[in-house]
1. Taking the options A:Phe13, A:Phe52, A:Phe5, name whichever one is touching a residue at least 24 places away in the same chain (Cβ under 8 Å), closer than 24 Å to A:Val253 by Cα and surrounded by fewer than 18 Cβ atoms within 10 Å (Cβ to Cβ).
2. Only one of B:Gly121, B:Gly136, B:Gly127 is in a loop (DSSP other than H, G, I, E, B) and either at positive phi or out of contact with any strand residue (DSSP E or B) (no Cβ under 9 Å at 6 or more places or on another chain) (or both); which?
3. Within segment A:211-227, identify whether any single residue is more than 14 Å from chain B (Cβ to nearest Cβ), of a type in the set (S, T, N, Q), open to solvent by 10 Å² or more (accessible area, probe 1.4 Å) and in contact with an Asp or Glu (Cβ under 9 Å, 6 or more places away or on another chain), and answer yes or no.
4. Which count do you get for residues in segment A:125-164 that are farther than 30 Å from A:Ala12 by Cα, of a type outside the set (Ser, Thr, Tyr) and surrounded by fewer than 18 Cβ atoms within 10 Å (Cβ to Cβ)?
5. Quick test of your reading of the structure: A:Ala63 fulfils all but one of (1) touching a Ser or Thr at 6+ places or on another chain (Cβ under 7 Å); (2) surrounded by fewer than 19 Cβ atoms within 10 Å (Cβ to Cβ); (3) among the small types (Gly, Ala, Ser). Name the failing condition by number.
6. With respect to the numbered conditions (1) at pLDDT 90 or above; (2) farther than 15 Å from A:Leu31 by Cβ, which one is the sole condition not fulfilled by A:Ser132?
7. Of B:Leu45, B:Leu49, which residue is at the interface with chain A (Cβ under 9 Å from one of its Cβ atoms), in contact (Cβ under 8 Å) with a residue 12 or more places away in the chain and farther than 28 Å from A:Ala209 by Cβ?
8. Only residues that are open to solvent by less than 100 Å² (accessible area, probe 1.4 Å), part of a loop (DSSP other than H, G, I, E, B) and over 26 Å from A:Ser335 (Cα atoms): list them for segment A:353-402, please.
Amino acid sequence: MFDFFAEMLSYAFIVRALIVGLLVSLCAALLGVSLVLKRYSMIGDGLSHVGFGALAVASAGNAAPLAVSVPVVLLAAVLLLRISENSKIKGDAAIALISTGALAVGVAVISLTTGLNTDVCNYLFGSILAMSKSDVYLSVGLALAVLILFICFYQKIFAVTFDENFARSAGVQAGFYNMLLACLTAVTIVLGLRMMGALLISSLVVFPALTAMRVCKKFQTVTLSAALISMFCFLLGLIISYIYATPTGASVVIINIILFLLAGLLAWLQAKGWLRAVLPLLILGGLLSAADKIIEIKENFFVTQTNEIYANAPDYLGRTLKYEGIFSVYADPDSGKKYYAVIRYGPGCCGTDLNAGFEVVWDKEYPQANDWVEAVGALEEYDDNGIRALQLRLTSLKVLPVRGKEQVLR
Amino acid sequence: MLLSCQNAAWAYDGNVAASGLNFSVAAGDYLCVVGENGSGKSTLLRGLLGLKTPCAGKIVYAADWRGTDIGYLPQQTAAQKDFPASVQEVVLSGRIGRLGWRPFYAAADKKAALNNLKLLGLERLRGRCFRELSGGQQRRTLLARALCAAQKLLILDEPLSGLDPSAAQNVYALLQRLRQAGLTIIMVSHDLRGALRQASHVLHLQNKQKFFGTAANYKKWLEKKHV
């Protein structure tokens, strides 16, 4: 497990994606709660399309992508809010106008310059390779700014979200906070745009908030859990994208969907009064699945673990054991019967008098004596001329090229 | 005098909702605004709150007037129906006007919120989710929030809607106590009889000002109209 993460984090681009992604997920989730409750969710979608257009223009002009798209998307956010508040074009229609317009401009610019290629695909669906080192610095700075502003104005954002008229009557500049919300959203969207993709980034705004709202009942807990859910989903999505080479954005969104459905199930169980049964059921399920699992005897406590199995044999009968050791053959001088075993040399005074391991039976051809093997088999008891003995009925016996520790002390 | 309307009028998209308003409210008054649906009552309240600027005339406030001294009980908005917030959080947000540049509420704010929760009998509900309360309980929560904000003036838009008779009586008794404690109250209500028992002044609206005067005079005006 640790090795896996160490390997994953040895790629600089993944570390960059991780830092920026976690920060963007955090900001997006915090803002998302207010946006969803204010019925502004589609603003995120609209702004991401504007961001796509800006990125396209920036790359056509060889300009720094973030430096161009941040101000453009901020401008679009201000414009969107103004239009939906003041004019006769309603909010959703305004968003549709601006987002499709920006998308069209972006596509036109790209096809005029580089042509529609994989770059465009990356803009639309995201790429883990997107962040350069300078992007990371800028992103961390902006994301921290978003975070600090959100925390400072948390109470006002709550008041304005819950009841704008009341907040105004109490002297809160609701217009300013709406604008702040839109601008912070714009910055967050742009930062996550190239990693998550223009078509998918707005899911970071919407999903965690909706998931949290299904299970939590206080604004504060909704906000905190949305933030945690969002970061968790991103982390898991990134790992999955690393293992299966799926696009990061899509993986994160799929994890978000799964969590959203689970939250729905949880809320449903709660409504039906079954929630209290969930934890015991999970524990029971965990135990049952553990009961089925293969017991692996590791090098570190080889003697201890084999001793434990001999001492409590009834608990282990029928369970599958898996371990590595030396394949050895022993013929009884009196009866002439051959015994096969997979063992390691244990602690003892006279060489091999305390070998740790099990006798094995195998219905296929045995390997050479002294071969290093991996044995997997079920533990069973048999009667050996009046002595009750343990043996492993093997399901697999593999000869391994690399030998482990032959002498084990504990 | 706390505030006075001088020939004020408000309009939506050019359609005049309320016009020709001439009245004044003194500190300690209890003004009840009555009229049919769509007669401009809520518009007037929004105007007094400064949420909507008059298209004609003006409102003159007292010299020591601060906009943050008003406690406002609005009508329910649709967005609140599925809003995840605890009763405590909603009531505490009544102190928003006094937050200034501080990021979080102080102990004094929390104490004020708790007092108002007690006043409206919501203590036991304070950890509950606002959207899961009954209509009457939600109304009382929003009233507690308005009380958190009200220093001088309480503006109530139909405070009794959704309340059962006994809860309505409690609210009336509470308003009476608040007025004795020195609060000025302006209220829109459909409960004419209850309002007349308590109010010191009445404003009758029908897109124009039909009557403004003391409650006693309003009774006489009503009788004369019927004759």
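1. The match here is A:Phe13.
2. On the way: B:Gly136 fails: in a loop (DSSP other than H, G, I, E, B); B:Gly127 fails: either at positive phi or out of contact with any strand residue (DSSP E or B) (no Cβ under 9 Å at 6 or more places or on another chain) (or both).
After ruling out the rest, the residue left standing is B:Gly121.
3. Scanning segment A:211-227 turns up no residue that is more than 14 Å from chain B (Cβ to nearest Cβ), of a type in the set (S, T, N, Q), open to solvent by 10 Å² or more (accessible area, probe 1.4 Å) and in contact with an Asp or Glu (Cβ under 9 Å, 6 or more places away or on another chain).
4. Here the count works out to 2.
5. A:Ala63 satisfies all of (1) touching a Ser or Thr at 6+ places or on another chain (Cβ under 7 Å); (2) surrounded by fewer than 19 Cβ atoms within 10 Å (Cβ to Cβ); (3) among the small types (Gly, Ala, Ser) except (1).
6. Of everything listed in (1) at pLDDT 90 or above; (2) farther than 15 Å from A:Leu31 by Cβ, A:Ser132 misses just condition (1).
7. Just one listed residue meets the conditions, B:Leu49.
8. Passing the criteria: only A:Leu400.
The values are calculated or read from the model by the stated rules, or taken from the named source; none is laboratory data. Everything numeric here is computed off the predicted structure, so don't read it as measured data. Note that we place each Cβ from the backbone using ideal geometry, even for glycine, and neighbour counts take in every protein chain shown. Only protein heavy atoms, including side chains, enter the accessible area calculation; ligands, DNA and RNA are left aside. Shrake-Rupley method; radii C 1.70, N 1.55, O 1.52, S 1.80 Å.
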